[in-house]
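Notes to accompany the following structure.
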Amino acid sequence: MKVLYRCPECNGILNVEYDLPSSLAEKLQSKKFPVSTSIWEFDELLPVKTEYSVTMGEGGTPLLSLDYSRKEENLSNWFLKNESIQPTGAFKDRPLAVAVSFAKEHQLKGIITASTGNTAVAASAYAAKSGMYCKIYVPQTASSEKLQLMHVYGADVVPIEGNFSEAYHIVKEEAVKTQLFNVTSTFINPIAIEGNKTVAYELWYQLQKQVPDWIVVPIGAGPLLIGVYKGFQELKQLGLTKKLPRMVGVQAENVSPIVQAYREGSAKVSGWDKGTGTSAVGIADPLTNYPEDGTRTLSVIRESEGTAVRICEKELLQERKDIASKEGILLEISAAAAVTAVKKIRGSLQEKDIVISVGTGHGLKDLSITK
């Protein structure tokens, strides 16, 4: 049974909780991980009825060995969870498939979102698939490739001069007025976040029912990091593991409110007031209108005994080139940060540790950014 806590003021859901019966544990234990799996393989753990699913094959992404990087850093179990091959080229397809399916099930008239790019592209595509209206507010700094994709999918796109936090504020108010379902990829819509936790279930199967020692995630507000951790918490609740991973949150040096709070030993994250000029546009969230989201992510990083890392512009751009030329994988700049971060924390890792970098998006979506 799924329990939803509604929040009329934010036109969303505050939390999603589940009963986790032993029969579910037995089912998951006996399941084998097929190559063709999708997030709907775990429908009992998603807040939408499967018959309403709006799907384009999201989920089931490969776990790739980073051969060159392994040798360079002397890490024998370093893998990339390659989310760049999702239908719209980013991990956002997981949460948006769930959110749009939920909207379809409950006969909602349309969706609205603020985005730096990837959420908007996924929202546009899944809205198109469902025949649903989609409105997007996006900073003009979004990559030209992502802006073009939103238009091609037929969304109503409103570029703004401000940053993501300002777009977030506009959407939060408009969602209440218009009753459009707010699918912004922060914590305002936990229905969507439930899609993120399917990464954890897939990793568990791909690693032969082992839990990674470290999972490295590029973060803006951090719903992917928290969603993945929640998936492993559920596996622990089901008695399928006694272990939880240590979570590493990665931000660009030029926009790093969560990392700053972590370094300062602060219990709370403050909004970032130093500008948002970074090539890692996908994680350029200053959290100025909702710093409590960053605080939530910070608390999970600490609870997991993980860490938070910031990457400078030169390293971000160089890493994207290195992964492409040495591993044959083209990641967007934000996603490449998850590889660089492992090198930053190498001193804390054991040679046999299982380390997962989450490659959140495809490099074709911001290839024009080469500065």
### Summary
Residue count, the range 16-45, condition surrounded by 12 or more Cβ atoms within 10 Å (Cβ to Cβ), assigned to a loop (DSSP other than H, G, I, E, B) and modelled with pLDDT under 90, comes to 5
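Closer than 23 Å to residue 369 by Cβ, open to solvent by 40 Å² or more (accessible area, probe 1.4 Å) and not in a loop (DSSP other than H, G, I, E, B): which single residue out of 325, 334 fits that description?
Numbers: 334 fails: open to solvent by 40 Å² or more (accessible area, probe 1.4 Å).
Every option except 325 fails the conditions.
Take the range 307-316 and flag every residue that is more than 22 Å from residue 271 (Cα to Cα) and surrounded by 17 or more Cβ atoms within 10 Å (Cβ to Cβ).
315, 316
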## Note on the structure
Out of (1) part of a helix (DSSP H, G or I); (2) open to solvent by less than 10 Å² (accessible area, probe 1.4 Å), the one residue 221 does not meet is (1)
#### Entry: Among the candidates 168, 137, 133, residue that is over 20 Å from the mean Cα position of the chain (by Cα), among the aromatic types (Phe, Trp, Tyr) and over 17 Å from residue 90 (Cβ atoms)
133
### Query
Here is a list of conditions, (1) part of a strand (DSSP E or B); (2) at pLDDT below 90; (3) out of contact with any Lys or Arg (no Cβ under 7 Å at 6 or more places or on another chain); (4) surrounded by 15 or more Cβ atoms within 10 Å (Cβ to Cβ), and residue 13 meets all of them except one; can you say which number that is?
(3)
### Message
Is it the case, given these coordinates, that residue 208 is part of a helix (DSSP H, G or I) and out of contact with any strand residue (DSSP E or B) (no Cβ under 9 Å at 6 or more places or on another chain)?
### Response
no
### Task
Select from the range 248-269 the residues that are among the polar types (S, T, N, Q), under 24 Å from residue 355 (Cα atoms) and not in a strand (DSSP E or B) and list them in ascending order.
256, 260
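Is it true that residue 346 is among the basic types (Lys, Arg), closer than 26 Å to residue 120 by Cα and surrounded by fewer than 22 Cβ atoms within 10 Å (Cβ to Cβ)? Steps first, please.
Values: among the basic types (Lys, Arg): yes; closer than 26 Å to residue 120 by Cα: no; surrounded by fewer than 22 Cβ atoms within 10 Å (Cβ to Cβ): yes.
Taking the combined requirement at face value, the residue does not satisfy it.
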### Query
Within the range 252-281, which residues are at pLDDT below 95 and basic (Lys, Arg)?
274
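Restricting attention to the range 94-139, which residues are surrounded by fewer than 24 Cβ atoms within 10 Å (Cβ to Cβ) and of a type in the set (Gly, Ala, Ser)? It would help to see each step written out before you state the result.
The initial filter retains those residues of the range 94-139 that are surrounded by fewer than 24 Cβ atoms within 10 Å (Cβ to Cβ), namely 104-110, 128-133, 135, 139.
110, 128, 130, 131, listed by residue number.
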### Query
Right, residue 227: in contact (Cβ under 8 Å) with a residue 60 or more places away in the chain and under 20 Å from residue 93 (Cβ atoms) or not?
yes
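Condition check ((1) open to solvent by less than 40 Å² (accessible area, probe 1.4 Å); (2) basic (Lys, Arg); (3) at pLDDT below 95; (4) touching a strand residue (DSSP E or B) at 6+ places or on another chain (Cβ under 8 Å)) across all residues:
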site	(1), (2), (3), (4)
283	yes, no, yes, yes
288	no, no, yes, no
299	no, no, no, no
305	no, no, no, yes
320	yes, yes, yes, yes
### Task
Could you please give the count of residues in the range 158-202 that are over 16 Å from residue 221 (Cβ atoms), among the small types (Gly, Ala, Ser) and surrounded by 21 or more Cβ atoms within 10 Å (Cβ to Cβ)?
2
#### Entry: Where residue 236 falls short, out of the listed (1) open to solvent by 10 Å² or more (accessible area, probe 1.4 Å); (2) assigned to a helix (DSSP H, G or I); (3) in contact (Cβ under 8 Å) with a residue 24 or more places away in the chain
(3)
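Pull up the range 350-371, narrow it to residues that are part of a loop (DSSP other than H, G, I, E, B) and either among the hydroxyl-bearing types (Ser, Thr, Tyr) or open to solvent by less than 10 Å² (accessible area, probe 1.4 Å) (or both), then point me to the one that is modelled with the lowest pLDDT. Steps first, answer last, please.
Start the filter on the range 350-371 by keeping residues that are part of a loop (DSSP other than H, G, I, E, B), which leaves 350-353, 360, 366-371.
Still in the list and also either among the hydroxyl-bearing types (Ser, Thr, Tyr) or open to solvent by less than 10 Å² (accessible area, probe 1.4 Å) (or both): 360, 366, 368, 370.
On the way: 360: 97, 366: 87, 368: 84, 370: 67.
Result: 370.
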### Task
Output the qualifying pairs, or none if there are none: Cβ atoms under 9 angstrom, residues six or more apart or on different chains, first residue in the range 44-60 and free of Cβ contacts under 8 Å to residues at least 12 places away in the same chain, second residue open to solvent by less than 20 Å² (accessible area, probe 1.4 Å).
50/101
## Note on the structure
Note on residue 70: of the conditions (1) open to solvent by 50 Å² or more (accessible area, probe 1.4 Å); (2) out of contact with any helix residue (DSSP H, G or I) (no Cβ under 6 Å at 6 or more places or on another chain), unmet is (1)
### Query
What about residue 122, is it within 24 Å of residue 357 (Cβ to Cβ) and small (Gly, Ala, Ser)?
yes
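The values are calculated or read from the model by the stated rules, or taken from the named source; none is laboratory data. Please read all numbers here as calculations on a predicted model, not as lab measurements. Neighbour counts are summed over all protein chains in view; Cβ atoms, including those assigned to glycine, are modelled from backbone coordinates with ideal geometry. Note: areas computed on protein heavy atoms with side chains; ligands, DNA, RNA excluded. Shrake-Rupley method; radii C 1.70, N 1.55, O 1.52, S 1.80 Å.
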